[in-house]
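See below for the structure under consideration.
The values are calculated or read from the model by the stated rules, or taken from the named source; none is laboratory data. Everything quoted here is computed from the prediction, not taken from an experiment. For neighbour counting, all protein chains shown are included, and Cβ atoms are generated from backbone atoms with ideal geometry for every residue, glycine included. Note: accessible area is taken over every heavy atom of the protein model, side chains too, but ligands, DNA and RNA are not part of it. Shrake-Rupley method; radii C 1.70, N 1.55, O 1.52, S 1.80 Å.
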Amino acid sequence: MFTRQRGDRLHLAATLTLSLALLMGDSLQWGWLNALKRQLYSLVEPVYFAIALPGRAFDDISDSLRLGSALRRENANLRQVNLVLAARVQKLSYLSNENARLLELTVAAESIDSNVFVTEVIGVDPDTTRHVLIINRGSDAKLYKGQPVLDARGVVGRVQFIGRNTSRVMLISDRQHSVPVRINRNGMRAILSGTGDPDELSLQFVPETADIKTGDLLVTSGLGQDFPAGYPVGVVKHIRKVPGEQFLEVTATAVAALDRSRYLLALFERPTVAMPAPMPAAAESVAPAAPASSSSAAPADAIAPAVTPTPVTVAPEVPRG
Amino acid sequence: MANPRSPLLAIIWSFLGALLMSILPLPDALQVWRPEWVMLVLIFWVMHAPTWVGLWFAFFMGVVLDIFLVSPFGMHAVALIVVVFIARMTQRWSGIFSVRQTTALVLVLILSGRLATYVVLSMRGEGPDDLSYFLPAVASALIWPTVLLSLRRWTQR
């Protein structure tokens with residue numbers, strides 16, 4: 001058809017222009033191109049399910065082959081764990097109610113029983129430069145792009161690409177991933193970024209004078225667009241002062257089992273940081289008027305100090321669970 | 001398909017196999033060594049059925065691969081087009097090359113394809129930070145004789 005060199009040049013120009021146009025459209029996030037890509041992806045989705053089949057079948061068989069005594073033992077174990085967790089939730093819901101009362105915020109009460117959706121990991125992205133998992137739910141289950149994903153211990157990552165029945169979760173260890181966090185002990189804020197190494201996350205923008213120790217727990221601060229506040233992300237592993245640098249070099253390990261979790265929780269909860277902001281302003285506007293009537297001065301005083309200590313008193317209970 | 005000499009069926013099956021191989025889960029240690037299966041099969045067909053497989057076919061396969069791997073749309077298309085263009089320029093020699101010489105050629109071809117994706121990723125600010133990104137080129141060159149011999153036997157049947 002086009003074996004001649006001259007014809008080749010022409011076709012080269014045509015195909016290259018076309019694919020460069022596609023690339024440009026992809027980085028500019030053209031709407032119709034994204035829609036087209038998603039449509040085409042949902043066509044190839046079944047292949048990912050088919051590839052995951054042998055491994056899942058193996059898991060199912062080993063589950064059903066397990067001996068009765070082992071199952072009974074595991075069942076008893078799980079029952080105990082469940083009991084402990086239920087007791088802890090009771091305490092937590094009490095604390096969160098108290099917190100809500102103190103802050104006079106109704107949103108805090110909802111955060112304990114937030115809506116989650118259990119998904120199963122069916123694959124890993126073959127590209128080694130990216131840390132991406134494939135899970136078995138997509139837009140049909142109302143998952144959305146940017147949605148936070150957790151496992152039993154902590155934050156795993158966020159949904160990066162949605163198909164119809166599968167979606168791709170970018171892990172917190174991916175180099176493109178960052179989470180706004182704060183140190184649970186003192187509420188200091190920083191940003192936790194992936195480094196491409198699954199065992200090492202890097203905590204950025206920690207000033208040299210900051211109060212930070214190894215073993216400090218990092219929880220989501222709720223300041224970004226995707227992650228609601230209060231979910232554990234990592235533990236500080238190593239702190240190094242670099243001479244002449246403005247910031248400390250801090251590494252952390254993920255709390256979640258990034259490479260072992262089989263079931264993940266897609267979290268249907270948006271961050272609600274915008275809510276507490278008007279509170280102090282409202283308290284201030286009440287305070288000048290307060291001396292006139294002594295009855296309204298008391299609640300204003302009660303609210304104002306409660307704003308600062310609450311994150312410290314309530315939050316430590318959450319990650320231990 | 002009616003024509004017994006027509007390689008269409010072989011082309012389709014080999015590309016389906018290559019696509020599958022490029023998303024099949026591998027043990028972590030082997031993950032960085034995954035050969036560029038689609039590129040390998042494409043190079044083979046450019047050498048052995050140049051009237052069937054050309055630049056537009058490379059573009060098509062690149063788009064399919066981009067969808068399979070959810071890579072930036074058009075990235076693999078660029079890489080495959082570059083590879084096919086160079087392969088077609090060197091095609092007149094590949095007929096008289098020995099297997100060892102084509103292996104060297106394949107190494108160069110896949111390195112250039114890998115370089116193309118590297119450049120695209122870097123321009124998007126997602127550039128890989130170590131040279132293990134080019135290991136698949138070595139792996140592909142090592143597996144090339146096997147691909148060549150098995151596919152060649154298939155076409156001659």
Original post:
Given a Förster radius of 41 Å and the C-beta distance between B:L135 and A:Q90 as r, what FRET efficiency does 1/(1 + (r/R0)^6) yield to the nearest 0.05?
Top reply: 0.15
Subject >> Of all accessible heavy-atom area on segment B:1-66, the percent that carbon and sulfur account for (1.4 Å) >> reply: 76 percent
**OP:** Go ahead and set up a Gaussian network model of chain B, Cα springs under 10 Å, then flag whichever of B:G74, B:G17, B:G125 fluctuates most.
**Re:** B:G125
Original post:
What average count of beta carbons from other chains do you get within 10 Å of the Cβ of residues in B:13-24?
Top reply: 2
Subject >> Loop-located chymotrypsin sites (Phe, Trp or Tyr not before Pro) in segment B:50-156, at most 12 other Cβ atoms within 10 Å (DSSP) >> reply: none
Subject >> Charge-dipole axis of chain B as Lys and Arg at +1 and Asp and Glu at -1 on Cβ define it, positive-most pick from B:V64, B:W13, B:L149 >> reply: B:L149
Subject >> Built amide H within the under 5 Å cut-off of A:I191, gap 5+ >> reply: A:V181, A:Q204
Subject >> Calculated FRET value between B:T90 and B:S150, using beta carbons and R₀ = 22 Å, to 0.05 >> reply: 0.50
Original post:
What are the residues whose amide H is under 5 Å from the amide H of A:E120, where those residues sit 5 or more places off or on another chain and H is modelled from the backbone?
Top reply: A:N136, A:R137, A:L264
Original post:
Going through the DSSP H helices of chain B, which span 24 Å or more along their own axis at the Cα atoms while scoring at least 1.0 as a mean Kyte-Doolittle hydropathy?
Top reply: B:99-123
Original post:
Tell me, what is the per residue accessible area of segment A:189-278 in Å², probe radius 1.4 Å?
Top reply: 52 Å²
Subject >> Total accessible area lost when A and B pair, probe 1.4 Å, Å² to nearest 100 >> reply: 3400 Å²
Original post:
Residues of B:72-83, mean number of Cβ from any other protein chain within 10 Å of their own Cβ, rounded to a whole number?
Top reply: 5
**OP:** Between the alpha-carbon centers of segment B:89-157 and segment A:118-171, tell me the distance in whole angstrom.
**Re:** 32 Å
Subject >> Residues whose placed amide H lies under 5 Å from that of A:D216, excluding near-sequence neighbours >> reply: A:V236
**OP:** May I ask you to give the solvent-accessible area per residue for segment A:145-188, in square angstrom, as obtained with a 1.4 angstrom probe?
**Re:** 29 Å²
Original post:
With chain B treated as a Gaussian network of Cα nodes joined by springs under 10 Å, which of B:I12, B:I81, B:I110 yields the largest mean-square fluctuation?
Top reply: B:I12
Original post:
Which of B:T117, B:T90, B:T51 moves most in a GNM of chain B, Cα contacts under 10 Å?
Top reply: B:T51
